[in-house]
Amino acid sequence: MIRTYQYYAIFNFAEDGINVTFPDLPGCITCGDSVEEALWMAKEALELFLDGEPVEDIPPPQRMMPQFLNPNDKAYLIEASITYY
């Protein structure tokens with residue numbers, strides 16, 4: 001069975017790159033040097049994070065746009081498909 005999940009990721013644009021966090025998934029963190037790389041890394045981090053969790057332990061995603069701490073932050077909706085056996 002394949003399940004598809006969508007979670008908001010916060011992209012924090014810093015001088016040394018883009019830091020990516022998922023407010024609904026504490027500990028799911030990654031980064032990238034460009035927006036394209038950060039998007040790719042965010043998808044990979046989300047897939048790896050969710051793949052290690054039993055279905056019943058995966059928190060439901062919030063459907064509201066997350067609040068920003070920094071005015072330069074941006075939110076992207078990241079989608080991941082996980083296969084369960």
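Taken together, the values in this text are just the output of simple stated rules run on the coordinates, not laboratory data. For clarity, every value in this text was computed on a predicted model and none was experimentally measured. As a convention, Cβ positions derive from the backbone with ideal geometry for all residues, glycine included, and neighbour counts pool all protein chains shown.
Might you let me know whether region 25-32 holds any residue that is hydrophobic (A, V, I, L, M, F, W, C), touching a residue at least 24 places away in the same chain (Cβ under 8 Å) and not in a loop (DSSP other than H, G, I, E, B)? No. Against the list (1) exposed (fewer than 15 other Cβ atoms within 10 Å of the Cβ); (2) in a helix (DSSP H, G or I); (3) in contact with a strand residue (DSSP E or B) (Cβ under 9 Å, 6 or more places away or on another chain); (4) not basic (Lys, Arg), the condition residue 56 fails is (3). What residue, among those in region 1-10 that are of a type outside the set (Val, Ile, Thr) and assigned to a strand (DSSP E or B), is farthest from residue 77 (Cα to Cα)? Once the filter is applied, the top-ranked residue is 3. Taken over region 11-53, residues that are of a type in the set (Gly, Ala, Ser), under 18 Å from residue 75 (Cβ atoms) and exposed (fewer than 15 other Cβ atoms within 10 Å of the Cβ) amount to 3. Residues in region 9-24 that are touching a residue at least 12 places away in the same chain (Cβ under 8 Å) and farther than 23 Å from residue 84 by Cβ: 10, 11, 12, 13, 17, 18, 19, 20, 21, 23.
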